[in-house]
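Q: Before we start, here is the structure in question, set down as structure tokens.
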Amino acid sequence: MANVNAPNGFRPLRHLKGGTIRANEYPLLSGTASNICAGDLVKLLNTGVIDVAAAGDTNLIGAVQGFQWTDADGTPRFEKRFPSGQATLGSADVKALVFDDPDIVYEAQASTYSQTHNGNNADITATAGSSVTGISKHSIDMGSPGAGTAQIRILGLAEGSEAGAYARVECLIWEHLLRGNVAGI
């Protein structure tokens, strides 16, 4: 059966060294211009807040689990997506829950895959997520995988997927801010 073109971001599978995968809180600005969904990769800015990552960003901090905030009308919210321009009560920061451990192995869709891609690096395709489901559409761009510097390290084919177009792969965030192989912000 052929793979389906249905990217859904970066989903944590396991920890490289065992143990429990946990999300940690990071601030996100009220009214941010970015639409951020569960599974989107995020970067840490030099202001101490996060924002959605783009292809080529090097200060990646992890993948989003969800968001917690209080609407301007006082309604508490816990959502998979933080909509662009959403105001919070008193313009308070949003609590973004992020899987931020650099040793988390993720599953994500790649544009294509063959076994020769194992150990290669590639950047992401940062397509906007769904405003209906709140799920990411980030995926891995395998247009020019290789040994050079890039955001993601391909580990292998994910269980239940086939080599070829739209394969799901296991991967690490290679240009992770906490990994030690990228410059600080």
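Q: Would you please put 31-41, 115-125, 16-26 in order of how densely packed they are, using the mean number of other Cβ atoms within 10 angstrom per residue and starting with the highest?
A: 31-41, 115-125, 16-26
Q: Let me ask something additional. Between region 1-69 and region 122-156, how many Å separate their Cα centres?
A: Taking the Cα centre of region 122-156 as reference, the centre of region 1-69 is 11 Å away.
Q: Moving on. Say we join alpha carbon atoms closer than 10 Å with springs in a Gaussian network model of the chain; which of Gly90, Gly129, Gly146 then has the biggest fluctuation?
A: Among Gly90, Gly129, Gly146, the largest mean-square fluctuation in the Gaussian network model of the chain belongs to Gly90.
Q: Restricting to DSSP loop positions (anything but H, G, I, E, B) with no more than 14 other Cβ atoms inside 10 Å of their own Cβ, which GluC sites (Glu not before Pro) remain in region 143-182?
A: Those satisfying the criteria are Glu159, Glu162.
Q: Now a separate question. Taking R0 as 22 Å, what FRET efficiency do you get between Ala54 and Arg179 from their Cβ-Cβ distance, rounded to the nearest 0.05?
A: 0.75
Q: I would also like to ask the following. State in Å² the accessible area per residue of the chain; use a 1.4 Å probe, count heavy atoms of protein chains only, and round to the nearest integer.
A: On a per-residue basis, the chain sits at 46 Å².
Q: Quantify, in whole percent, the carbon and sulfur part of the accessible surface of the chain (1.4 Å probe; protein heavy atoms only).
A: 49
Q: Give the whole-number value, in cubic angstrom per residue, of the convex hull volume spanned by the C-alpha atoms of region 1-102.
A: Normalising the Cα hull of region 1-102 by residue number yields 136 Å³.
Q: Using modelled amide H (1.01 Å from N, peptide plane; none on Pro or chain starts), what sits under 5 Å from the amide H of Val105, excluding residues fewer than 5 places away?
A: Leu13, Arg14, His15, Leu16
Q: Calculate the FRET efficiency for Thr112 and Ser84 from the Cβ-Cβ distance with a Förster distance of 25 Å, rounded to the nearest 0.05.
A: 0.20
Q: Would you pull out the residues with amide H under 5 Å of Leu44's amide H, same chain only if 5 or more places away, H placed 1.01 Å from N?
A: Ile61
Q: Something else now. Going 7 Å from the Cα of Asp93 in the Cα-to-Cβ direction, what parts of region 10-35 have a backbone nitrogen less than 13 Å from that spot?
A: Residues 25-30 fall inside that zone.
Q: Subtracting the Cα-Cα distance from 0.36 nm times the residue separation, let me have the gained length for Arg22 to Ala72 in nm, one decimal.
A: 15.1 nm
Q: So if I restrict to the alpha-carbon atoms in the chain, what is the Rg, and what is Dmax, the biggest pairwise distance, in Å?
A: Looking at the chain, its Cα Rg and Dmax stand at 16.2, 53 Å.
Q: When the gyration tensor of region 77-130 is built from Cα positions, what are the square roots of 5 times its three eigenvalues, in whole Å, from largest to smallest?
A: Gyration-tensor ellipsoid for region 77-130: 33, 14, 9 Å.
Q: Using 0.36 nm per residue of separation minus the Cα-Cα distance, give me the extension gain between Ala33 and Asp103 in nm, one decimal.
A: Answer, rounded to one decimal: 22.2 nm.
The values are calculated or read from the model by the stated rules, or taken from the named source; none is laboratory data. For clarity, every value in this text was computed on a predicted model and none was experimentally measured. Glycine gets a Cβ as well: all are built from the backbone with ideal geometry, and neighbour counts include every protein chain shown. Calculation scope for accessible area: heavy atoms of the full protein, side chains included, ligands and nucleic acids excluded. Shrake-Rupley method; radii C 1.70, N 1.55, O 1.52, S 1.80 Å.
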